Amino acid sequence: RKPGAPGGRAPPFINTGEVEQKALDTPAVLSHFVYQYCVQMLYNAAMKTNRLSEVVWKFPLARPHMGLLLGNAQIGFMVWGEGSRLCVTVGRADAWDHQGGAVWREDQTYANIRTILEAGNAEKLAKLFEDRPTPGEPVCPQVMPIGRVEFHLPANWKLERGVMDLGSATGVITLRKGARRVNVRMVLDMKASVLHIAWPAKMTPQAKAVPAWDSIRDAFVARNFIAPSRFENGWIQTFPKDPELCCAWDCARGRSVISATRPRGKTGARNVAERALRDALAQPFAVALRASREWWRSYWAKVPEVRIPNPTLQHLYDYGMYKFAGLTEPHGVPATLQGPWVEDYQLPPWSNDYHFNINVQMCYWPAYHANLPGHLLPMFRLVLGWHDKLARNAKTFAGIDDGYMLPHATSDTGTCVGCGFWTGMMDHGCTMWIAEMMYRYVRYSGDTAFLREAYAFMVRTVNLLGVMLEETPDGALAIPVSISPEYRGQQMNAWGRNASAQLASAHRLAEDLVEAAVQLGETPPAICQRILDKLPKASLFSDGNRPQIALWDGLVLEESHRHHAHFSAIVPFDTIDCESPEWRDIVYRTFEHWIYRGAGLWSGWCVPWASMLHTRVGNADCAALWLEIWQRLFVNHGHGTRHDAAFPGLSLMGARAVADGSPDIREIMQMDAGMGCVAAIQEMLLHDKRGVNFLFKGAPTAWADASFENMLAPGGVLVSAIRRDGRVTRVKLTATRAAEFRLANPWPAPNADAILTVNLKRGQTVTLKPQPPFGEK
């Protein structure tokens, strides 16, 4: 009996299209009762493996970034459309056109930049950092769009809705014709980069190729491209200096498969693509479906289960962790601003590059608590592979042979993108932030083999910082020329002494180096202890006797700004205890001033960072509220995450462009904010501050019942906790290696220890419960 027939309704979590197909394939001799038994077994299996809700889309979906997403960190598919036209936009995160970019020039030294800035010579500064592209080439490298395949449905069939089963990454598109409905099923091969599509019986729509060239020919021509070479089932796009790319599809027996390939060897892209498609069609759709399910079952088994009584935030976490896999899968391409989901109607903004002053970091933040530290390694390998360029940058900038300097934005080869943005080029906080990510990875994963590589990177990073420091007459250290990321853009006055962001990253680097040196039996560079003893932890601005954290010496926040960098010592670098007697009042006043300046110039990715800041000071209701606002303001109707506001009234970041109600067809999608929301939710439930772990500190009081299971903490401890009726009732700790776990006591009482210390052996599990009357006897 087909689902939907009287008495034959499918249970929850069952992919009705799949059940229908199985019914059609079942021999007539199979009894009704056996069939019902099979359906029940499918349901039971789904309930065991799929703890996640489905995500629903309603057609029409007018743009690629409104569509269903499937990706494996190399290739990405966006499924959208309207009426009888189903579109599958194809993107690749490695579709780089490497023309353009610039190397660090010999006159771009720290000493020269400092002299120009202190002299206030704007003309000389502009000339020093002017774009000087190679003649005949564009200014900078760029990830290029590929295009889409359009499927035109038979007469009178219309797109109705889409559903993504997060547990198995199976997309189902429901088609409607009058009162009749059928389903199209889609699944991505996570290893072979092929999208499998199963059409309903006796329906194989006509397919049409739409290369991105057709939509933005002028943009391609401006970058020295020629028209793609088309063939019956696809096209080849040649690149001026890079390997060609082929997008192709094939259809057979009620199925379609799509892939885009870019081989680096001598084999032609079309040959590789067509071979992949032949191999895909040689196996039944059920095989591809089973492989996808197995891959995702393994993935979700590692991901901590989170249960919170807020449907909006639950969706942000579940769908966010689904997208995290498609963005950072370890065998794919390290995460760029958009990952593999590249639209076909414009060049992706900011080249879809690597931004190291917050965006790359935010894309990877979920990995730590999500018990997926291995997802970080491709990014680290990428950066470490730029050794020669980073060392050459340091040699030019600081005159040293044993340093590293990473500009704020690069291509996948480490080539600087946005060369005229001088504050980004000289922001050494970017290098220090990557060093922090590397050592944090070691703290969570226990990867001692990688520790030595991280340590070497950290040493080279602090060596360059040492050149930027100077000693003051009173014996203290200072950074005389420093910047707060993106504050005042690239204006002449976009710098100051002792920027709080760089002070925080410097202290984080020094602390980590000292700790790592102990583990390795090394002697840390002498500058580390001087930083810890002599360099301020933050720049303070005092209005009478009421100091607050400044952006740099003498400057408090003048206006709403998207980059909360002056709070870096709280999150992400954790170099001050915001609730200690020394800092509590200072932080409180800084928060007041920050709130007063408001969110009028915030972009999407700065909202989860704001939520994390509120969690750290115990303002749980506001931590949750900002994520709810983000979901409403910075997400389109198809769950696509936006850089700019979706409508005017709260933030001016991009909202003026759509204030007249016209469709925002040029929206900027980035992955960083969505991943930041996942990390913010994780931190609401568990975070560590100065070596102490806190439970549910960002969970509002209204969340009387909440829980999480197997969230990874520093030291390799998997933490599970349950809150019932507003009280923590159970904490379970499982050690992946020997560890000392320090926990802020969730059951404070007179004469009770404020911090509980639990020493764990590898593989040991310890359960903590409150004493009666609140706990179990």
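The values are calculated or read from the model by the stated rules, or taken from the named source; none is laboratory data. Bear in mind that the values here come from a model prediction, so they are computed numbers and not experimental data. Don't worry about glycine lacking a Cβ; one is built from the backbone with ideal geometry, like all the others, and counts go over all protein chains shown. Side chains are part of the model used for accessible areas, which takes the heavy atoms of the whole protein and leaves out ligands, DNA and RNA. Shrake-Rupley method; radii C 1.70, N 1.55, O 1.52, S 1.80 Å.
Summary table
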quantity: Residue match in segment 237-250 (condition: within 32 Å of the chain's Cα centre (by Cα), β-branched (Val, Ile, Thr) and either buried (at least 17 other Cβ atoms within 10 Å of the Cβ) or under 30 Å from Gly167 (Cα atoms) (or both)); calculated: no
quantity: Strands (runs of 3 or more DSSP E) within segment 214-284 that include 3 or more residues over 24 Å from Phe151 (Cβ atoms); calculated: none
quantity: Subset tally (residues that are open to solvent by less than 20 Å² (accessible area, probe 1.4 Å) and over 30 Å from Thr134 (Cβ atoms)) for segment 193-229; calculated: 11
quantity: Count of residues meeting criterion [of a type in the set (D, E, K, R), touching a His at 6+ places or on another chain (Cβ under 8 Å) and farther than 29 Å from Gly136 by Cα] in segment 241-276; calculated: 1
quantity: Enumeration of residues in segment 704-748 that are part of a strand (DSSP E or B), touching a Lys or Arg at 6+ places or on another chain (Cβ under 6 Å) and either aromatic (Phe, Trp, Tyr) or open to solvent by 20 Å² or more (accessible area, probe 1.4 Å) (or both); calculated: Ser707, Ile722, Arg730
quantity: Single residue of Trp626, Trp630, Trp594, Trp609 found to be aromatic (Phe, Trp, Tyr), at pLDDT 95 or above and closer than 24 Å to Ser542 by Cβ; calculated: Trp594
quantity: Flag for Glu582 being closer than 22 Å to Asn619 by Cα, surrounded by fewer than 23 Cβ atoms within 10 Å (Cβ to Cβ) and of a type outside the set (Gly, Ala, Ser); calculated: yes
quantity: Any hit, segment 614-637, residues being touching a residue at least 40 places away in the same chain (Cβ under 8 Å), more than 17 Å from His561 (Cβ to Cβ) and hydroxyl-bearing (Ser, Thr, Tyr); calculated: yes
quantity: Selection count, segment 382-404, where residues are more than 21 Å from Ser351 (Cα to Cα) and in contact (Cβ under 8 Å) with a residue 40 or more places away in the chain; calculated: 13
quantity: Residue match in segment 363-373 (condition: over 21 Å from the mean Cα position of the chain (by Cα) and part of a helix (DSSP H, G or I)); calculated: no
quantity: Filter pass, Pro145 being touching a strand residue (DSSP E or B) at 6+ places or on another chain (Cβ under 9 Å), surrounded by fewer than 21 Cβ atoms within 10 Å (Cβ to Cβ) and either on the phi > 0 side of the Ramachandran plot or in a loop (DSSP other than H, G, I, E, B) (or both); calculated: no
quantity: Index of the failed condition, Ala398 passing every other in (1) small (Gly, Ala, Ser); (2) touching a helix residue (DSSP H, G or I) at 6+ places or on another chain (Cβ under 7 Å); (3) at pLDDT below 95; calculated: (3)
quantity: Residue, most open to solvent (accessible area, probe 1.4 Å), within segment 421-470, restricted to residues that are in contact (Cβ under 8 Å) with a residue 60 or more places away in the chain and of a type in the set (Asp, Glu); calculated: Glu453
quantity: Residues being open to solvent by 50 Å² or more (accessible area, probe 1.4 Å) and within 27 Å of Ala222 (Cβ to Cβ) - total across segment 251-275; calculated: 2
quantity: Criterion: part of a loop (DSSP other than H, G, I, E, B) and surrounded by 20 or more Cβ atoms within 10 Å (Cβ to Cβ) - qualifying residue of Met164, Met190; calculated: Met190
quantity: Boolean, Asp279 is in contact (Cβ under 8 Å) with a residue 40 or more places away in the chain and either closer than 18 Å to Phe77 by Cα or open to solvent by 20 Å² or more (accessible area, probe 1.4 Å) (or both); calculated: yes
quantity: Subset of segment 471-491 [polar (S, T, N, Q), closer than 21 Å to Gln529 by Cα and free of Cβ contacts under 8 Å to residues at least 60 places away in the same chain]; calculated: Thr472
quantity: Residues that are out of contact with any Asp or Glu (no Cβ under 6 Å at 6 or more places or on another chain) and either free of Cβ contacts under 8 Å to residues at least 12 places away in the same chain or of a type in the set (S, T, N, Q) (or both), drawn from segment 750-774; calculated: Pro750, Asn751, Ala752, Asp753, Ala754, Thr757, Gln764, Thr765, Thr767, Gln771, Pro772, Pro773
quantity: Tally, over segment 382-403, of residues that are crowded, with 18+ Cβ neighbours inside 10 Å, under 28 Å from the mean Cα position of the chain (by Cα), outside any loop (DSSP other than H, G, I, E, B) and not aliphatic (A, V, I, L, M); calculated: 2
quantity: Residue among Thr729, Thr734, Thr765 that is under 30 Å from the mean Cα position of the chain (by Cα) and polar (S, T, N, Q); calculated: Thr734
quantity: Flag for Asn44 being modelled with pLDDT of 50 or more, polar (S, T, N, Q), assigned to a helix (DSSP H, G or I) and surrounded by fewer than 18 Cβ atoms within 10 Å (Cβ to Cβ); calculated: no
quantity: Criterion: more than 27 Å from His369 (Cα to Cα) and either modelled with pLDDT of 95 or more or more than 24 Å from the chain's Cα centre (by Cα) (or both) - qualifying residue of Gly424, Gly420, Gly446; calculated: Gly420
quantity: Condition met for Asp344 (of a type in the set (Asp, Glu) and closer than 18 Å to Leu509 by Cβ); calculated: no
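Conditions tested, residue by residue: (1) under 19 Å from His355 (Cα atoms); (2) hydroxyl-bearing (Ser, Thr, Tyr); (3) assigned to a helix (DSSP H, G or I).
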{"position": "Ala435", "(1), (2), (3)": "yes, no, yes"}
{"position": "Phe457", "(1), (2), (3)": "yes, no, yes"}
{"position": "Leu464", "(1), (2), (3)": "no, no, yes"}
{"position": "Pro473", "(1), (2), (3)": "no, no, no"}
{"position": "Glu486", "(1), (2), (3)": "yes, no, no"}
{"position": "Gln491", "(1), (2), (3)": "no, no, no"}
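Conditions (1) crowded, with 23+ Cβ neighbours inside 10 Å; (2) assigned to a helix (DSSP H, G or I); (3) over 10 Å from the mean Cα position of the chain (by Cα); (4) without any contact (Cβ under 8 Å) to a residue 60 or more places away in the chain, marked per residue:
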| site | (1), (2), (3), (4) |
| --- | --- |
| Leu289 | no, yes, yes, no |
| Ser292 | no, yes, yes, no |
| Trp296 | yes, yes, yes, no |
| Pro334 | yes, no, yes, no |
| Leu337 | yes, no, no, no |
| Asp344 | no, no, yes, no |
